[in-house]
Structure formats: C-alpha cells, structure tokens
Amino acid sequence: MYKRIRDLREDHDLTQKQIAQKLNCSQQVYSNYELGQRDIPTDILIKLSNLYKVSVDYILGITDKPKRY
C-alpha cells in the first residue's frame, strides 16, 4: 500500500508537500505514510481514493486494477 500511494503521487506529478496540503497534514506525516512508518487513517485513505479517482481496495493492494471512477 505504501509503494502504491507513492506511485500514484508520482504518476500525477505531485510532491509530498502538495499532497499533504490537500490532506491537511504536514509533509512529514505524509512522508511517514509513504514510508510505512505510520498507519494511514481511514479518512485519509478515502481522501486519497477520491483525489486519485481509484478505489480504496486498489490503494490497499486488495486489487491490482485501479477501477477508476
């Protein structure tokens, strides 16, 4: 899941700081999500899903298809 959120961010040409601003958290907190040093809260998973237009299942690694909507 951690690699997947990094890959999604990079695929959208966004910085950690830009994503952190959209999630209303610090860049350090977001960095910890990508590094797997901090659990990602459900509300953040939902925000990331909406931001990237992919399912939460895709972010969590349950499915390999992004299921864009």
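Read-outs: derived from the displayed coordinates by stated rules, not from any lab. These numbers were taken from a predicted model, which means no experiment stands behind them. Here the Cβ is made from the backbone with ideal geometry for all residues, glycine too, and neighbour counts use every protein chain on show.
Of note:
- Subset of the stretch 4-19 that is in contact (Cβ under 8 Å) with a residue 24 or more places away in the chain and part of a helix (DSSP H, G or I) - its residue that is surrounded by the fewest Cβ atoms within 10 Å (Cβ to Cβ): ARG6
- When residues of the stretch 1-50 are limited to those that are within 10 Å of the chain's Cα centre (by Cα) and of a type in the set (Asp, Glu), the one nearest to ASP64 (Cα to Cα): ASP7
- Scan the stretch 20-42 for residues that are of a type outside the set (Gly, Ala, Ser) and assigned to a helix (DSSP H, G or I) and the total you get is 12.
- Boolean, ILE59 is within 10 Å of the chain's Cα centre (by Cα), outside any helix (DSSP H, G or I) and crowded, with 17+ Cβ neighbours inside 10 Å: no
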